[in-house]
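Written out below as C-alpha cells is the structure these notes cover.
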C-alpha cells in the first residue's frame, strides 16, 4: 500500500512538472512577493498601477487588448461591486467595467 502511494505521488509530480514546463508561475494569493505584483481585484479604489502581467490564454489577452488593457499600460481602479461583482477601471481617460474573474487575471505594479 505504501509503495502504491509513493508511485502515485511520483506520477502526479511528473505530470505537474510537464504541464508547467516553461510557464511563469505566480503563487496563489494577492501578491507575488518577489516581483511586487498585485491582482487588480486586491488593490484599493483610486490606486494607480502599471499592468505587468496578464494571466490566461489567448482569448483573455485578446479581449483585454481590445479594451486597451495591455502590459505596460497605466490603469486606475475605480469602484468595485460587493462580492465579486464588476470592477470599474480607467484606462487612457476611459472608464471600463470588466468582470471580477477577468480583473483578477490582471497583475499590476502599484505606482
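The values are calculated or read from the model by the stated rules, or taken from the named source; none is laboratory data. Just so it is clear, the structure is predicted and the values come from calculations on it, not from any experiment. Here the Cβ positions follow ideal geometry from the backbone for every residue, glycine too, while neighbour counts run over all protein chains shown.
Looking at residue 86, is it within 24 Å of residue 111 (Cα to Cα) and at pLDDT below 85?
no
Yes or no, residue by residue, for (1) without any contact (Cβ under 8 Å) to a residue 12 or more places away in the chain; (2) loosely packed, with under 12 Cβ neighbours inside 10 Å:
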{"site": "66", "(1), (2)": "yes, yes"}
{"site": "71", "(1), (2)": "no, no"}
{"site": "76", "(1), (2)": "no, no"}
{"site": "80", "(1), (2)": "no, no"}
{"site": "84", "(1), (2)": "no, no"}
{"site": "88", "(1), (2)": "yes, no"}
{"site": "91", "(1), (2)": "no, no"}
{"site": "96", "(1), (2)": "no, no"}
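Could you tell me which of the residues 23, 48, 44, 13 is modelled with pLDDT of 55 or more and exposed (fewer than 10 other Cβ atoms within 10 Å of the Cβ)?
Among 23, 48, 44, 13, only 44 is modelled with pLDDT of 55 or more and exposed (fewer than 10 other Cβ atoms within 10 Å of the Cβ).
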